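The values are calculated or read from the model by the stated rules, or taken from the named source; none is laboratory data. This one's a predicted model, so the numbers in the text were calculated from it and none came from an experiment. Here the Cβ positions follow ideal geometry from the backbone for every residue, glycine too, while neighbour counts run over all protein chains shown.
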Amino acid sequence: MIVIMGATGTIGSALLERLVELGLPVRALSREPEKLQQLIGKKYRLTIEVMRADASDPESLRRAFAGASQLFLALSNSPKQIELETSIIQIAAESGIKHIVKISSPAFEQSSPVAIAGWHQEIEKTLRESSLIHTVLRPYAFMQNLIRLAPTISTQNIFFGMMGDSPCNFIDCRDIADVAVEALTNAEVSGQIYTLTGSEVFSYPQIASQLSALLNRQISYINLKPQVLLHNLMEYGHLPPWLANHVVEIQAMSTVVPESPNETVKRLLGREPRTLVAFLNEFLDNFR
């Protein structure tokens, strides 16, 4: 039995679908199982076991982990990340889980620190000190997060950031899910740390050019100073301060730490990762 924590997330939902297609036993956890059942829909309702569990409720986790051998761990980032995931790892080990596949973040950079990367580094340390086999996936920027830029693109033909012309690694969450499938089903893949990227890097001005060509209208990228972007994210994006700071830290890191693609996805999956152009084409209606 494979337990999925983060089943409603972009990676977790894609992972669920792939595991069901392979005919593997899957148990998906949620604080609101009724909503998860609705998301799963009739197609998979009879093949996915849905259970109520809360990351902050140890007893619910013990019930959810009973009889399972593997855990996919992809909690949403939060200031309680270290506390929650450390507890989950401990309870998983006590409950008989043998292998954890964890979604982490790119390595912590001393030259341009990102707080959330530091949180994940602490959690990875807990995994290393545990008796569990663990596979750590460190993906770069999700292509799916670009959809968050859609409101100003669709209404004003602009989007904002502070990355200048810096190239950024992007990866489709479905490719991350496919790598997770390999880690959960192939012993030769499990037990390692993988940094995951797409096959190309793109700057924000290049993304604006791609969208301009696809939408047949001019889309512009506006580069802001860090404090202006931080203010906008909180004032207009309604992000909590810790999350707004995270966005600014990530973009600041991209301007000082060179990013380049690797071939990890191709090596593990035997195919090229999905391209950014293909992704934008697929989700183009969001930007119209």
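Sort out which residues of the stretch 221-262 are without any contact (Cβ under 8 Å) to a residue 24 or more places away in the chain, exposed (fewer than 13 other Cβ atoms within 10 Å of the Cβ) and within 26 Å of Ala180 (Cβ to Cβ), and write them in order of number.
none
Return the residue satisfying two criteria in turn: it lies in the stretch 73-88 and is farther than 21 Å from Val181 by Cα and of a type in the set (Gly, Ala, Ser), and of such residues it is surrounded by the fewest Cβ atoms within 10 Å (Cβ to Cβ).
So the residue we want is Ser78.
Could you tell me how many of the residues in the stretch 54-86 are farther than 25 Å from Tyr194 by Cβ and either free of Cβ contacts under 8 Å to residues at least 40 places away in the same chain or assigned to a helix (DSSP H, G or I) (or both)?
13
Can you tell me which residue is farthest from Thr8 (Cα to Cα) among those in the stretch 92-108 that are touching a helix residue (DSSP H, G or I) at 6+ places or on another chain (Cβ under 6 Å) and surrounded by fewer than 20 Cβ atoms within 10 Å (Cβ to Cβ)?
The qualifying residue farthest from Thr8 (Cα to Cα) is Phe108.
For the list (1) outside the structural domain of Gln206 (by TED's automatic domain parsing); (2) under 24 Å from Pro240 (Cβ atoms); (3) assigned to a strand (DSSP E or B), I need the number of the one condition that Phe159 fails.
The failed condition is (1).
Here is a list of conditions, (1) surrounded by fewer than 18 Cβ atoms within 10 Å (Cβ to Cβ); (2) part of a loop (DSSP other than H, G, I, E, B); (3) at pLDDT 85 or above, and Leu46 meets all of them except one; can you say which number that is?
Exception for Leu46: condition (3).
Confirm whether Gly198 is out of contact with any helix residue (DSSP H, G or I) (no Cβ under 8 Å at 6 or more places or on another chain), at pLDDT below 95, outside any strand (DSSP E or B) and closer than 20 Å to Pro106 by Cα.
The answer is no for Gly198.
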